[in-house]
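A short write-up of the structure that comes next.
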There are 2 protein chains.
Amino acid sequence: MNQTVKLLQQHRSIRKYKTEPLSEDQILAIIQSAQMASSSSNVQAYSVIGVTDPGMKKELAVLTGNQAYVEQCPLFLIWCADMFRLREACTLQDTEMVHGTMENFIVATVDVALAAQNAAVAAESMGLGIVYIGGIRNNPREVSKLLMLPELVYPVFGMCVGVPDHDPGIRPRLASEAVYHRNTYDSSKTRLEIEKYDQVMREYYLERTKGKRDTVWSKEMADKYRQPVRAHMRAFLEEQGFRFE
Amino acid sequence: MNQTVKLLQQHRSIRKYKTEPLSEDQILAIIQSAQMASSSSNVQAYSVIGVTDPGMKKELAVLTGNQAYVEQCPLFLIWCADMFRLREACTLQDTEMVHGTMENFIVATVDVALAAQNAAVAAESMGLGIVYIGGIRNNPREVSKLLMLPELVYPVFGMCVGVPDHDPGIRPRLASEAVYHRNTYDSSKTRLEIEKYDQVMREYYLERTKGKRDTVWSKEMADKYRQPVRAHMRAFLEEQGFRFE
């Protein structure tokens, strides 16, 4: 196993950071690594806002659901799908951009995710830790206003970056056979793989909580999907100018 | 610059492969690296189909827009957003999954992209090359049928993997200042950054084509966005059971 594969397989989400700020060189290496990820037809349909301002981080910590590490981390990145730049490019060529399809939305959302994951890997390779913050979608209107996002830009997720100040250990994943299929999708194995993973996660939780938390993955998922989650997203995205034809 | 950052920044898309197949160990290392990417609330809402069957690769090469490398590469991965497994987990807990929001769709689409980018990095660290295939969305119904995808699963993109048999060089990206914003989004710089990148890309194209291709990025984008792209995606996704409330 080479060093990079080893690094990838040792990922854990960091939720406690030292106060040490990132250097400009570190930030640049992270952003440049992000940029080298693949992009659909080279559209590069994303932007990233790096927040270091303490007041803004404090506000964002509240908006993302009172997550202390958003305030505590030295750099909080907000990864945005961005079709504003593409519209500017079209305008520069006296062309009216035709957009508003689900396809356009998928491309921008995928583009930013690929870039962000490269950033995560780059940061971790430099001894930094990260955690993705889906909570940025809790209050997307307020976040967009605070970050002054123009039309056709939306915050997809946040990412704390900094020097780790704890080691939470690695969380087990589904077995590879559960997510990997050969030539065709084999739905007959799904149930059994969930049950196997349920046992793995039961032991993991029991061990981490010294016997206090006795649950399984499928129960967590059932609890999560018992009600709609962040049902405001569609309306918010339309306010930002996105369409889904 | 450490080895991993160097690797990330040397990415280029490979469109010509040696016939040499991947070993089972290589495939496993790639999939396990993918799985260690972050996942929203540990939902792991993705699956990946590894196609090695020559007949299927041939068919997929046609369906993705006659891309020869899809047939030629030893392993063609199709990365799918997957909420089928989550519904199975809910069923196992006698719970009816409430889904159908834009949020659910974003989570699954982001989850699979993060995993895929880890796979790309792992493959490249092992000396392999990759190229993302957005063309998998050209004929998503036929692809889904061929791969036997169940309801609530959709193919987001493909990925060729194999030993590189050419070196296309690195394609320049937008300047980091174009995509990175400090504390707030600075839309006043966008136009200038596009014009700067246009010049970079003009030189790049001229050099690569020995003066034959004289164009700029904004013109390419304008040509691309003059008409709707893959306008069938929304209807296809609804057929697969996705909703976007």
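If you go through the stretch A:20-32 one residue at a time, do you hit one that is within 7 Å of chain B (Cβ to nearest Cβ) and assigned to a loop (DSSP other than H, G, I, E, B)? Among the residues of the stretch A:20-32, not one is within 7 Å of chain B (Cβ to nearest Cβ) and assigned to a loop (DSSP other than H, G, I, E, B), which makes the answer no. Within the stretch B:38-74, the residues that satisfy the criterion of being on the phi > 0 side of the Ramachandran plot and more than 11 Å from every other protein chain (Cβ to nearest Cβ) are B:Gly65, B:Asn66.
Here is a yes/no grid of residues against (1) part of a loop (DSSP other than H, G, I, E, B); (2) in the same structural domain as B:Leu86 (by the TED database); (3) under 26 Å from B:Asp111 (Cβ atoms):
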{"site": "B:Met159", "(1), (2), (3)": "no, yes, yes"}
{"site": "B:His181", "(1), (2), (3)": "no, no, yes"}
{"site": "B:Tyr185", "(1), (2), (3)": "yes, no, yes"}
{"site": "B:Ser188", "(1), (2), (3)": "no, no, no"}
{"site": "B:Leu192", "(1), (2), (3)": "no, no, no"}
{"site": "B:Glu195", "(1), (2), (3)": "no, no, no"}
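Taken across the stretch A:79-90, residues that are in contact with a Pro (Cβ under 8 Å, 6 or more places away or on another chain) and under 30 Å from B:Ile31 (Cβ atoms) do occur, with at least one present.
Condition first: touching a residue at least 40 places away in the same chain (Cβ under 8 Å) and either within 11 Å of chain B (Cβ to nearest Cβ) or within 22 Å of B:Phe242 (Cα to Cα) (or both). Can you find one or more residues in the stretch A:224-232 that meet it? Scanning the stretch A:224-232, I find at least one residue that is touching a residue at least 40 places away in the same chain (Cβ under 8 Å) and either within 11 Å of chain B (Cβ to nearest Cβ) or within 22 Å of B:Phe242 (Cα to Cα) (or both), so the answer is yes. When the stretch B:138-149 is filtered for residues that are touching a strand residue (DSSP E or B) at 6+ places or on another chain (Cβ under 7 Å) and outside any loop (DSSP other than H, G, I, E, B), the ones remaining, listed by number, are B:Pro140, B:Val143, B:Ser144. Within the stretch A:7-16, can one find any residue that is surrounded by fewer than 20 Cβ atoms within 10 Å (Cβ to Cβ), of a type outside the set (Val, Ile, Thr), free of Cβ contacts under 8 Å to residues at least 40 places away in the same chain and more than 10 Å from chain B (Cβ to nearest Cβ)? No, that holds for no residue.
Going through (1) under 20 Å from the mean Cα position of the chain (by Cα); (2) among the polar types (S, T, N, Q); (3) surrounded by 20 or more Cβ atoms within 10 Å (Cβ to Cβ) one by one, A:Thr4 falls short only on (1). I'd like to check something: does the stretch A:76-95 contain any residue that is in contact (Cβ under 8 Å) with a residue 60 or more places away in the chain, at the interface with chain B (Cβ under 10 Å from one of its Cβ atoms), touching a helix residue (DSSP H, G or I) at 6+ places or on another chain (Cβ under 9 Å) and over 21 Å from A:Leu147 (Cα atoms)? So far as the stretch A:76-95 goes, no, none of its residues is in contact (Cβ under 8 Å) with a residue 60 or more places away in the chain, at the interface with chain B (Cβ under 10 Å from one of its Cβ atoms), touching a helix residue (DSSP H, G or I) at 6+ places or on another chain (Cβ under 9 Å) and over 21 Å from A:Leu147 (Cα atoms). Restricting the stretch A:49-66 to residues that are in contact (Cβ under 8 Å) with a residue 24 or more places away in the chain and in contact with an Asp or Glu (Cβ under 9 Å, 6 or more places away or on another chain) leaves a set whose member that is nearest to A:Arg141 (Cα to Cα) is A:Leu63.
The values are calculated or read from the model by the stated rules, or taken from the named source; none is laboratory data. Model, not experiment: these values are computed from the prediction. With ideal geometry, Cβ positions are generated from the backbone for all residues, glycine too; neighbour counts draw on all protein chains shown.
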